[in-house]
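Just below is one structure, and these are the notes that go with it.
The values are calculated or read from the model by the stated rules, or taken from the named source; none is laboratory data. Please read these numbers as outputs of a predicted model, since none were measured by experiment. Please note: Cβ atoms are built from the backbone with ideal geometry, for glycine as well, and neighbour counts cover all protein chains shown.
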Amino acid sequence: MDIEEKIKKIEEEIQKTPYNKATAHHIGKLKAKISRLREEALQRRTSSGKGRGFHIKKSGDSTVVLIGFPSVGKSTLLNELTNAESKVGEYQFTTLEIVPGVMEYRGAQIQIFDIPGIITGASRGRGRGREILSVARSADLIVIVLDVFNTEHMDIIMRELRDVGIRPDETPPDVTVKRRKLGGVKLSSTVELTHLDERIIRSVLNEYGIHNADVLIREDITVDQFIDVLEANRVYIPTLKVINKIDLVDESYLEEIRKRFPNALFISADKHLNIDKLKDEIFDRLGLIRIYMKPQGEKADYDEPLIVKEGSTVADVCQKLHRDFLRKFRHARVWGSSVKFDGQKVGLDHVLRDEDVLRIIIKK
């Protein structure tokens, strides 16, 4: 029996087992087995030369990956958003390689990758799917592109992403597992756990060969999230859902789709509908802000802002500019919404906001 057959057999057992307090630990153990088997299958593909992924070189301020089934219009969309010249055709699998482009927007250089269309079973290697999806693991944002006529593909894409270790729109669980040589398992929790208990936790840990550990849980999590913590190879990436080709349907059809996808952005890449709105949304979802530098005795440079992540401090900006700025830092002055008055003197830990003007004063 190969690994995929083992996984299928365990999944069938989970489906047949009624979930209740008495069976929760058993189901947790089965889920842990599936997770380990999937990881084993991935390692076998990699060691045999299969599934090594496409080589991409990251650059710019952030990286975005376009994901969707074949012929949803990703290539056309990439051409609309960036300086790329991705091949466009009225047939499936036009894009056979990773096509990069750069979206220059609000002073930021955002790298966008058009990857080959995925298909059902991509995470298990169909159509080079695992290699394709591996590109998304390094992205700062995943844009899921759906054809307005095939919106049911959303569930498939989300499942395929999860099966390669991506956790769309989630944050890492606030859980710490510290292995020890002796002493058994000691569980501490700062919250009430509604999905887990000590027996379930021990069952999952045993499946991973962990018999001595300190476990600290600071949020109410599920058994799947606990398994993610133990795997330690999950990536947590925000997504933006985009429904394309809206020019081909009437308003009543669109209204029904909007009810199912209230947070999606509706566009037509071919007709350039809502493309500017999409650029805005990409910039905002990436959490980027613009900082205008103001050297002493000079005017602020509004033409080329420094692009940093939302929540960045003066120290982060110093680090990005040059390490000497951090080493020789005296103080800084800020004009903008992050301070009470313009020109306010601040320290390294001051948190900046979008379109702040910053002057850094260093020791001579």
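Assorted remarks:
- Filter result for residue 349 (charged (D, E, K, R) and closer than 30 Å to residue 78 by Cα): no
- Checking each residue in segment 187-198 for being surrounded by 13 or more Cβ atoms within 10 Å (Cβ to Cβ) and not hydrophobic (A, V, I, L, M, F, W, C) picks out 189, 195, 197, 198.
- Taken as a whole, the condition of being farther than 27 Å from residue 63 by Cβ and buried (at least 16 other Cβ atoms within 10 Å of the Cβ) does not apply to residue 317.
- Considering the conditions (1) modelled with pLDDT under 85; (2) within 30 Å of residue 306 (Cβ to Cβ); (3) surrounded by 13 or more Cβ atoms within 10 Å (Cβ to Cβ), residue 65 is excluded by exactly one of them, (1).
- Taken over segment 14-31, the residue count meeting the criterion of being in a helix (DSSP H, G or I) and either surrounded by 13 or more Cβ atoms within 10 Å (Cβ to Cβ) or not assigned by TED's automatic domain parsing to the domain that holds residue 222 (or both) is 9.
- Any chance residue 47 is more than 27 Å from residue 200 (Cβ to Cβ) and either under 23 Å from the mean Cα position of the chain (by Cα) or modelled with pLDDT of 85 or more (or both): no
- Annotation: of all residues in segment 171-183 being of a type outside the set (Lys, Arg) and surrounded by 10 or more Cβ atoms within 10 Å (Cβ to Cβ), the one that is modelled with the lowest pLDDT is 183.
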